[in-house]
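To start, the structure under review is shown below, and the notes come after it.
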Amino acid sequence: MSKNRELLSKIGLRLDGRRADELRRIRCKLGVFTEPDGSAYLEQGLTKILAAVYGPHQVRGNRSKAQHDAAVVNCQFSMAVFSTGERKRRPRGDRKSTEISIHLRQALTAAIKTELYPWSQIDVYVEVLHADGGIYPACVNAATLALIDAGIPLKEYVCACTASLANNDVPMLDISHQEEIIGGPTLTVAALPMSGKIVLMEMSQRFHVDHLQKVLEKALQGCRDIKHILDEAVKSHIQDVGSSTGWANTT
Amino acid sequence: MSRIRETVITNCERKFLMKCLSDWTRLDGRSFDEFRPLRVEFGKDWGSCYVSLGKTRVLAQTSCEIQQPKSSRPSEGILNINIELNPLAAPHFEPGRQSELSVRLNRLLEKCVKDSKAVDLESLCIKTNEKVWALRVDINVINHEGNILDCASIAMLASLAHFRRPDVTCDGEEFIIHSYQQRDPIPTVIHHYPVCITYSIFNGGEFVVADPSLTEEGSADATLTIGLNGFKELCGLHLGGKAELMPHVILNTVTKATHRANIVIEEIKTSIKIDNEARTKKLPLGFHTERKGGANSDVSEISLHHWQEIKKSKKKKNKQKPVEPTESPQIKVIGEGLAVHVPQEKPDRQESWIVDSSDDDLMIVEKPREQILLHDSDSEEENVIILDSSQRND
Amino acid sequence: MVEDVNENTTVFPGEVIKDVKAVKGVTILGPGLKRNEDPPNTLRITRAGKLQFKPPNIYWVSHNHKRYIPKRGDLVVGIIVKKAGDSLRIDIGSGEYASLSMLAFEGATKKQKPDVQVGDVIYGKLLNAHREMEPELVCVDSYFKAGKMGPLSNDGFVFTVSLGLVHRLLDPENPILTALGKVFPYEIAVGMNGKVWVNGRNTKEVLTVLRCLETAELHDDKVIVELCRQSK
């Protein structure tokens with residue numbers, strides 16, 4: 001556990017100068033592409049994500065996948081070959097990417113009101129431009145923004161956040177790549193922040209069961225914080241779009 | 001032949017399951033926190049392990065070879081985990097293709113064992129930057145009756161713990177791998193034993209059911225898999241499915257799982273100990289030694305037992321004696337380690353195809369008018385052939 | 001080689017029956033038997049099982065199968081897997097899905113279709129079962145009456161048993177269902193395809209029937225009857 005000490009210094013600062021419960025800077029923009037029905041760009045620290053949404057449209061490809069009572073959410077996660085320190089051999093198809101795709105679909109399906117679109121499909125494409133830790137949560141957040149931009153009905157936002165445990169005691173929020181390498185467990189939570197419900201949870205490495213509660217609470221707190229940041233972005237985007245048509249000024 | 005698909009879970013199965021759960025019972029008579037019987041057996045080879053959890057069966061085999069280490073970790077051995085879902089286990093598994101399920105299972109097992117650093121990889125190093133042992137665990141699912149993951153994780157761990165690699169010595173430049181006869185093989189160093197424990201969650205967290213069966217798995221809202229070791233440390237956690245859960249449900253379930261993890265780890269350790277004792281005593285090894293009797297004999301007793309239990313609770317009468325299955329199939333021992341399953345001949349009962357009209361008011365079966373259903377020349381297989389036995393010349 | 005044709009003789013593929021009984025030179029063969037050319041007028045077994053003979057001239061091999069082969073006139077329990085326009089696709093456990101027209105229910109018209117969902121269970125009759133065509137189900141008889149056929153209530157439970165057990169259960173002389181019925185009332189639909197639908201007053205009783213049939217799979221009828229008698 002000697003390595004773990006470095007995660008949080010004595011005065012409570014992390015490697016990149018953040019406090020334990022501080023998020024990395026999130027910058028985001030909706031409607032970055034013209035072609036897709038919805039798109040978004042999100043920066044969380046140095047992690048940069050592009051997301052595009054198409055649909056709902058008729059089920060393409062394998063027709064038998066269509067469901068009679070809900071829309072099929074199709075997610076594709078890929079990492080640009082230049083996104084990591086070592087050049088990646090292929091952008092998708094390995095087990096980790098497939099896993100992220102599956103998890104992304106799970107989180108988004110929980111948030112989208114799929115029952116409104118039977119026999120149809122919603123495509124979500126996510127591309128990582130720069131990976132610097134917390135890829136999955138950043139993807140979920142970017143995809144949420146893209147879904148909002150596409151005007152797909154959502155139950156509420158779905159936000160994701162990571163949390164870790166420093167010095168075997170202090171929970172930390174929003175883990176960067178550096179902190180991931182040093183070690184320490186990572187708990188990823190995707191939640192509907194308003195109702196506080198968890199739609200996906202995942203963890204790696206190990207820590208004692210007793211710590212789970214506080215780490216989980218910290219991660220949920222992070223989801224709520226992210227929701228506020230996204231809210232702002234959506235609000236300004238709506239006003240932007242509205243100002244061009246003129247209706248935003250009438251209110 | 002058309003593509004074989006996963007059987008649909010019917011609405012009535014779903015509804016009935018929910019009704020059962022609200023009565024606090026389960027389809028197979030278990031309580032909510034009860035797991036199916038677990039059995040861990042070892043084969044003749046080191047690292048060959050067979051685990052059955054109820055009717056779910058998994059075979060794991062650990063093997064090793066010498067490889068060059070990864071450049072990022074020059075002094076660490078390599079551990080590969082591969083789970084194979086072949087059509088042997090369930091008709092909708094496709095051979096050779098990475099399905100979503102197999103990716104998910106694989107990643108969870110990797111997280112459970114690799115990320116939690118359960119295996120001491122540094123001890124697998126032979127020479128830094130040149131040669132390390134690469135361990136590979138192949139997990140084959142033989143029968144899928146729900147909860148493959150628990151079964152696979154137990155099999156993987158037992159196989160790793162049981163496995164021994166040959167000793168290697170170095171004289172200058174040459175590496176010599178000693179055979180098992182020359183030098184005692186070396187066991188793998190395992191720091192802690194992480195096992196996966198799976199729960200199915202129904203109705204947004206109202207019902208949490210341990211060790212789900214196939215039907216339960218299919219109709220559950222979500223599955224919560226918890227990786228735990230003997231020191232109550234979480235070694236991986238996964239919540240999948242479409243449920244929206246409140247955090248306290250997860251925390252409660254994790255607390256419940258700690259108890260189970262200890263039992264499972266204890267079971268793995270004792271079965272390894274028993275196997276080791278058998279090896280030192282030079283008893284016959286292998287899978288056939290433990291199983292006596294046919295595959296069905298144990299199953300029949302279980303179901304009978306459960307049935308009686310239900311009867312008792314219903315009627316609140318305790319006077320019935322355990323019924324000896326007098327007409328049950330017999331098992332004849334042919335030779336060492338071999339037995340046959342001989343069904344009892346039942347000459348008194350004539351097997352009839354014909355559904356005759358009857359006075360039975362219980363059956364709501366439509367009574368077919370035709371007495372013989374054999375006259376069906378357009379059926380797929382059951383052709384009727386009229387054999388003319390009269391010779392031409394008479 | 002089986003010389004003496006007895007009922008309940010265990011036979012194996014490739015065996016030959018020599019002494020074939022016939023009426024007016026005609027013998028009727030069921031599944032598991034083929035006519036043999038050499039020597040002529042003998043039968044060759046193609047399936048392992050018990051040789052059955054029904055006087056005067058019907059032969060077949062009975063065996064406890066798991067795979068169901070659709071046969072015309074069979075009453076089956078099926079699961080709706082897909083709704084496509086006016087027809088339903090039904091899983092009856094055979095190699096191919098069966099089709100069932102929405103109009104093949106009692107009282108159904110173009111405008112008034114039965115209210116069935118994917119995943120519902122129906123009890124119907126096989127109208128057509130040809131090896132080259134997809135099986136076709138109906139839920140009405142030739143007088144357009146449903147009788148007992150049609151959608152089964154979603155309150156029950158569906159499970160699969162072996163075909164051998166189905167044949168046993170549907171034997172009117174078989175005591176299992178009657179004996180159970182004396183313990184408590186229940187409703188059951190046994191399909192020739194091995195799928196069984198059960199409903200009872202409460203879950204416990206349904207589970208008891210389920211457990212009982214599971215036990216019957218491996219034990220003789222007498223065991224079940226004895227158990228029922230004791231629990232009364």
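Taken together, the values in this text are just the output of simple stated rules run on the coordinates, not laboratory data. Note that the structure is predicted; figures quoted are calculated from it, not measured. Every residue, glycine among them, receives a Cβ derived from its backbone with ideal geometry; neighbour counts consider all protein chains shown.
Descriptive notes on the structure:
- By the count of neighbouring beta-carbon atoms within 10 Å, fewest first, B:Ser159, A:Ser176 end up ordered A:Ser176, B:Ser159.
- Mean per-residue shielding of peptide C:16-23 is 1, counting Cβ atoms of other chains within 10 Å of each Cβ.
- Whole-Å semi-axes of region A:3-250's equivalent ellipsoid (Cα gyration tensor): 31, 21, 18
- HN-Hα J in Hz across region B:115-122 - Karplus 6.51, -1.76, 1.60, θ = phi - 60°, x for Gly and Pro: 5, 7, 6, 6, 9, 6, 6, 5
- Each residue, B:Ala278 and A:Arg92, gets one label point 7 Å from its Cα in the Cβ direction; the gap between the two is 4.8 nm.
- Note on region C:9-62: antiparallel DSSP beta bridges, both residues inside, total approximately 90 percent of the bridges counted.
- Model label points for A:Lys65 and C:Leu103, set 7 angstrom from Cα along the Cα-to-Cβ axis, are 3.6 nm apart.
- Cross-link table B:Lys19/C:Lys195; C:Lys82/C:Lys182; A:Lys10/A:Lys227; C:Lys66/C:Lys182; C:Lys110/C:Lys148, entries beyond 32 Å C-alpha to C-alpha: C:Lys82/C:Lys182
- Amide proton proximity set for C:Val81, modelled H, under 5 Å, gap of 5+: C:Arg89, C:Ile90, C:Asp91, C:Gly119
- Dividing the summed -39500 (n - 2.57) terms of all DSSP H runs of n ≥ 4 by the residue count of chain A sets its mean residue ellipticity at 222 nm at -10000 deg cm²/dmol.
- Database remark: amide H of B:Ser116 closer than 5 angstrom to the amide H of A:Gln205 (H placed geometrically; neighbours at sequence offset of 5 or more, or on other chains; Pro and chain starts carry no H).
- Listed pairs C:Lys71/C:Lys145; A:Lys65/A:Lys155; A:Lys197/B:Lys232; B:Lys232/B:Lys256; A:Lys214/B:Lys232 exceeding 18 Å between Cα atoms: C:Lys71/C:Lys145; A:Lys65/A:Lys155; A:Lys197/B:Lys232
- Those GluC sites (Glu not before Pro) in region B:13-73 that DSSP places in a loop and that have at most 15 other beta carbons within 10 Å: B:Glu34
- Averaging the sequence gap over all C-alpha pairs within less than 8 Å and six or more residues apart, then dividing by the number of residues, gives region C:75-151 a relative contact order of 31 percent.
- For C:Glu15, the residues whose amide H sits under 5 Å from its own are C:Ile45, ignoring neighbours fewer than 5 places away on the same chain, with H placed 1.01 Å from N.
- FRET efficiency, B:Ile177 to C:Asp19 (Cβ-Cβ, R0 60 Å, nearest 0.05): 0.35
- Efficiency of FRET between B:Thr270 and B:Lys232 - r from beta-carbon atoms, R0 22 angstrom, step 0.05: 0.65
- Sites C:Lys83 and A:Lys10, calculated FRET efficiency, Cβ-Cβ separation with R0 60 Å, nearest 0.05: 0.35
- Phi angles of region A:141-155 translate, via the Karplus equation with coefficients 6.51, -1.76, 1.60 and θ = phi - 60°, into HN-Hα couplings of 5, 5, 5, 4, 4, 5, 5, 5, 5, 6, x, 7, x, 10, 5 Hz per residue; Gly and Pro are given as x.
- By the count of other C-beta atoms within 10 Å, a proxy for reagent exposure, B:Val8, C:Val121, B:Val209 are ordered fewest to most as B:Val8, B:Val209, C:Val121.
- Relative contact order, whole percent, for region B:1-101 stands at 16, derived from Cα pairs under 8 Å and 6 or more residues apart.
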